[in-house]
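Q: Sharing a structure with you now.
Please treat every number below as a calculation from the coordinates, not as lab data. If you're wondering where the values come from, they're calculated on a predicted model, not measured in any experiment. Cβ sites come from the backbone with ideal geometry, for glycine too, and all protein chains shown count toward neighbours.
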Amino acid sequence: MRFGVVVFPGSNCDQDCFYVIRDRLAQPVRYIWHKDKRIADYDCIILPGGFSYGDYLRAGAIARFSPIMKPIIDFAHKGGAVLGICNGFQILLEAGLLPGAMLRNDNIHFICKYVYTRVENDSTIFTNSCKKGQILKIPIAHNEGRYYIDENGYSRLKENKQIVLRYCSRQGVVSDEYNPNGAKGNIAGIVNERGNVLGMMPHPERSPEASLGSDDGIYLFDSIITWLRKVI
């Protein structure tokens, strides 16, 4: 299984993703530079968190035009697995690979803390190692993390089972009280209709081992590897 981690100017979670793939999961992984115009034979591409291009204009708006994005979009359209984490999620929205948009947190403050998320769909590339309803403790760190989509789009997400993760309580209660940023429907992560592109605001690469406060992030990476073993 060959993983690629994209590095944009301002990425700050690329090394975390690299560490998890190489050192925790013992899988081949390489960095992909944002100016590259082609990609090698990767099985999964990760767009990491950070502040690409300083979040000028809005988060992900400039990174969307990086040379590397065209081959990534082509890769996704061909069914390749793409994981966008935090800023990576924002970039996927700007690139049109996922529906909706990202707004500033409803409290207008940067939020950095552990949250709980509930697995809504356990049959995706990214969650097949989980159980539906499983609670994952994973940290967030963002200023523009309030996912938004109009009512028609929200209905399509629910009908197509594209909502993968929702913010919740420790016990799995989904309500405004446990929504850290005001995201529509407590949405923390979604997939595209084909199911091969996931965008999520929480950082699974920051929760790969118990010594960091949680190792629940490993479930998502394990799921990708489990899926790849079946299809490669």
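Q: Given only helices, namely DSSP H runs of n ≥ 4 each adding -39500 (n - 2.57), what is the per-residue ellipticity at 222 nm of the chain, to the nearest 500 deg cm²/dmol? Walk me through the intermediate numbers first.
A: Values: 5 runs with 46 residues, N = 232.
Calculated mean residue ellipticity at 222 nm is -5500 deg cm²/dmol.
Q: Taking every pair of alpha-carbon atoms in region 78-125, give the share separated by more than 18 Å as a whole percent.
A: Working: 567 of 1128 pairs.
In whole percent, the share of Cα-Cα pairs in region 78-125 beyond 18 Å is 50.
Q: In addition: Dividing the alpha-carbon radius of gyration of region 3-231 by 2.2 N^0.38 Å (N being the number of residues), what value is obtained? Kindly include the intermediate steps, with their values, before the conclusion.
A: On the way: Rg = 15.8 Å, N = 229, 2.2 N^0.38 = 17.3 Å.
Output field value: 0.91.
Q: First measure r as the distance between the Cβ atoms of LEU212 and GLN15, then evaluate 1/(1 + (r/R0)^6) with R0 = 22 Å and state the FRET efficiency to the nearest 0.05.
A: On the way: r = 14 Å, r/R0 = 0.65.
Given R0 = 22 Å and the Cβ-Cβ separation, E is 0.95.
Q: Only Lys, Arg, Asp and Glu count, each charged at its Cβ (+1, +1, -1, -1), so figure out the dipole size of the chain about its Cα centre, rounded to 20 debye. Numbers along the way, then the final one.
A: Numbers: 28 positive and 24 negative charges, 75 e Å.
It works out to roughly 360 debye.
Q: Among PRO9, THR127, ILE149, which residue has its Cα furthest toward the positive end of the charge dipole of the chain, with +1 on Lys/Arg Cβ and -1 on Asp/Glu Cβ?
A: About the Cα centre, the residue reaching furthest to the positive side is THR127.
Q: Calculate the tail of P(r) for region 157-199: the fraction of all Cα-Cα distances greater than 14 Å, expressed in %. Don't jump to the answer; show the numbers that get you there.
A: Details: 416 of 903 pairs.
Tail fraction, whole percent: 46.
Q: Moving to a separate point now. For region 1-75, what size does the Cα cloud have along each of its three principal axes, sorted from largest down, in whole Å?
A: 38, 24, 14
Q: Taking the Cα centre of each part, how many Å lie between region 120-189 and region 200-231?
A: 16 Å
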